[in-house]
Amino acid sequence: MSPDFVQFRSITKTFGGVRALSEVSLGLARGECHGLMGENGAGKSTLGKVLAGIHRPDSGDVLIDGRPYVFSSPREAMKARVAMVHQELAFCPDLSVAENLSMGQYPQKFGIVLDRKELAARAEKLLAAIGVSLDVWQPMRTLSTAQEQLVQIASAIGTDPQILVFDEPTSSLAEPDAQNLFKLIETLKSRGLTMIYVSHRMPELFRLCDRMSVLRDGKYVGTLARDEMTHDAVVQMMIGRSVEDYFPQHLSGTKGDVVLKVKDFTSPGLFQDVNFEVRAGEIVGFAGLVGAGRSEIAKAIFGLDSHVRGQVEIVGKPLPLRSVRASLRAGIGLVPEDRKRQGAILGMACRANISMAILDRLRRLRFVLDRSHEKSISSDYFSRLKVKAASLEAPVSSLSGGNQQKVVIAKWLARGGKLLIVDEPTRGVDVGAKAAIHALIDDLARQGLAVLLISSELPEVINLSTRIIVMREGHMAGELPRTDASQESVLRLMTGAALAA
Ligand SMILES: Nc1ncnc2c1ncn2[C@@H]1O[C@H](COP(=O)(O)OP(=O)(O)OP(=O)(O)O)[C@@H](O)[C@H]1O
Ligand SMILES: [Mg+2]
């Protein structure tokens, strides 16, 4: 495999004072799937965007098949048959799926009239190619994040690329969709496509990639061949030292009063007869397959389900259902699963985003905001979560994807309150930040917060929780104390597989 089909030669790219890429040189062999890893803000998306014609490098060039390209527009990149599946959402939310999939090249009848039939047929064909069927006339904004991700993949593949950049394509996909994507990538590879695959999930990289490279602080660190790819080797290259998966051992923590009591909680079609309690100082983990009803229960407790029935009590007081305002007043915080949409206000400064959820506490007199307190809280979370940004005042939109996530998490962690619900808190963040988030959640529990943790990563839910509730198809399938929980016992309850004798 000679790594000279695509050559990045000494690429440098700065944004204001931030050096996102610093003299990066890297070669891709024709037909390989090349993994790209690195901490949040290391420059992975920027490198992909240079290849896709979205960013013009300050210096350096790219050769494809020996010919120099200085991409300056996505259109030129398209001519060179380069496509990218973006980490962030890249569609017009008010246009239909069909229109989004034909962006810039609407089929026409008689030269002027939009051919709606052809538009729909084209979209359906693109989606079918990746095994997805959905109503192509619905507006983009009605899709789930996972569906939107799939539409984006269909759109990129639909341009018939020879080079394809996947930027964290599985970050919002459920396991079955992810598995379908992996099969698709293998098919694309057998057709000779050259791919860059960016992800924080090592098992995926190990499964899909022929080689992988690591970036650190905008610089190229090195490339590993397939037989050199190990967890330790990669982490060592990423952060220059090794880290174990860190889980605070918080088994004997003193448990306080019951903070959350959920009784006969039912939402037709989503979950039935759910009953449980969470005490102050406890971290109760919710495990289950996607669709088991975990996020739905979380949203319902937070007041976001208009059909839910049953009772919720917060510290003994009944909580009015179906009201976010009541939930916030009662001291409930929710770090939502689809942070890409519900998380941050992109145009606002990081500082303001973090303090948004705690404005009530920052008011000195009635209307005056305590700016210095605001700043110290924000900067404290910034350093604990190692958010990489030019400054506290940088707009969230200028941060890398993973760092945007950290800001959203910081916002809710800073709020505290009585009950914190965290849905997939470490999705999309790098290994170091993951350990920091685990430590923060554990700290909050030690300080007496009740925590409900939803995670699809079994090691995370098993090791961070004091107790694990397993959901299956909208029902509670069982409950395990951490001491009895193993991957196997939890999986068995998740899938309902019969207990081996
Ligand atoms: N449009 C922009 N304006 C200002 N700064 C930017 C912009 N895009 C990226 N940056 C900065 O460049 C650096 C690299 O960002 P990049 O998005 O490439 O990181 P990444 O490796 O993809 O991280 P993640 O894993 O979080 O997605 C970051 O410090 C980021 O804040
Ligand atoms: Mg990125």
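The values are calculated or read from the model by the stated rules, or taken from the named source; none is laboratory data. Since this is a predicted model, take the numbers as computed values, not measurements. Glycine gets a Cβ as well: all are built from the backbone with ideal geometry, and neighbour counts include every protein chain shown. Side chains included, ligands, DNA and RNA excluded: accessible areas come from the protein's heavy atoms. Shrake-Rupley method; radii C 1.70, N 1.55, O 1.52, S 1.80 Å.
Per-structure values
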| quantity | calculated |
| --- | --- |
| Selected residue [surrounded by 18 or more Cβ atoms within 10 Å (Cβ to Cβ) and of a type in the set (S, T, Y)] from S190, S155 | S155 |
| Failed condition for G31, given (1) within 27 Å of the chain's Cα centre (by Cα); (2) in a loop (DSSP other than H, G, I, E, B) | (1) |
| All positions within the range 51-104 that are within 25 Å of D135 (Cα to Cα) and in contact (Cβ under 8 Å) with a residue 60 or more places away in the chain | A83, M84, V85, H86, Q87, E88, L89, A90, F91 |
| Output for the range 462-482, where each listed residue is in a loop (DSSP other than H, G, I, E, B), in contact with a Phe, Trp or Tyr (Cβ under 9 Å, 6 or more places away or on another chain) and farther than 14 Å from L493 by Cα | S465 |
| Qualifying residue in the range 208-219 (condition: surrounded by fewer than 16 Cβ atoms within 10 Å (Cβ to Cβ), within 16 Å of ligand 1 (Cβ to nearest atom) and at negative phi) | yes |
| Qualifying positions in the range 40-62 - open to solvent by 20 Å² or more (accessible area, probe 1.4 Å) and either among the aliphatic types (A, V, I, L, M) or more than 11 Å from ligand 1 (Cβ to nearest atom) (or both) | I54, R56, P57, D58, S59, G60, D61 |
| Residue pairs meeting the criteria (Cβ under 6 Å; at least 6 apart or on separate chains; first under 20 Å from I239 (Cβ atoms), in the range 17-44; second surrounded by fewer than 17 Cβ atoms within 10 Å (Cβ to Cβ)) | V18/A390; L21/T12; S22/T12; S22/K219 |
| Where a residue in the range 147-170 is farther than 17 Å from V82 by Cβ and its partner, wherever it lies, is part of a loop (DSSP other than H, G, I, E, B) and at pLDDT 90 or above, with Cβ under 6 Å and at least six apart | E168/S199 |
| Elements of type strands (runs of 3 or more DSSP E) contained in the range 266-351, each with 3 or more residues being buried (at least 19 other Cβ atoms within 10 Å of the Cβ) | 271-279, 283-288, 332-335 |
| Any hit, the range 68-79, residues being over 17 Å from S10 (Cβ atoms), surrounded by fewer than 21 Cβ atoms within 10 Å (Cβ to Cβ), assigned by TED's automatic domain parsing to the domain that holds T170 and hydrophobic (A, V, I, L, M, F, W, C) | yes |
| Any hit, the range 73-95, residues being at pLDDT 90 or above and in a loop (DSSP other than H, G, I, E, B) | yes |
| Condition check for S489: surrounded by fewer than 19 Cβ atoms within 10 Å (Cβ to Cβ) and of a type in the set (G, A, S) | yes |
| Qualifying residue in the range 19-28 (condition: open to solvent by 10 Å² or more (accessible area, probe 1.4 Å), more than 16 Å from ligand 1 (Cβ to nearest atom) and in a strand (DSSP E or B)) | yes |
| Failed item, numbered, when S383 is tested on (1) under 23 Å from the mean Cα position of the chain (by Cα); (2) assigned to a loop (DSSP other than H, G, I, E, B); (3) modelled with pLDDT of 85 or more | (2) |
| Test set (1) within 16 Å of ligand 1 (Cβ to nearest atom); (2) surrounded by fewer than 18 Cβ atoms within 10 Å (Cβ to Cβ); (3) at pLDDT 90 or above - R201 fails condition number | (3) |
| Which listed residue is under 26 Å from A233 (Cα atoms), of a type outside the set (A, V, I, L, M) and not in a loop (DSSP other than H, G, I, E, B), from R122, R207 | R207 |
| Lone unmet requirement of (1) open to solvent by 40 Å² or more (accessible area, probe 1.4 Å); (2) assigned to a helix (DSSP H, G or I); (3) not aromatic (F, W, Y) for S456 | (2) |
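Here's the yes/no breakdown for (1) within 16 Å of ligand 2 (Cβ to nearest atom); (2) closer than 16 Å to N40 by Cβ; (3) in contact (Cβ under 8 Å) with a residue 40 or more places away in the chain:
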| residue | (1), (2), (3) |
| --- | --- |
| K375 | no, no, no |
| S378 | no, no, no |
| G401 | yes, yes, yes |
| I409 | no, yes, yes |
| L420 | no, no, yes |
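Residues checked against (1) within 16 Å of ligand 2 (Cβ to nearest atom); (2) under 27 Å from K79 (Cβ atoms); (3) assigned by TED's automatic domain parsing to the domain that holds R216:
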residue	(1), (2), (3)
G16	no, no, yes
E32	no, yes, yes
L36	yes, yes, yes
E39	yes, no, yes
G43	yes, yes, yes
T46	yes, yes, yes
K49	yes, yes, yes
A52	yes, yes, yes
R56	no, yes, yes
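A quick yes/no check of all residues on (1) crowded, with 21+ Cβ neighbours inside 10 Å; (2) part of a loop (DSSP other than H, G, I, E, B):
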site	(1), (2)
K375	no, no
I409	yes, no
L413	yes, no
G417	no, yes
V429	yes, yes
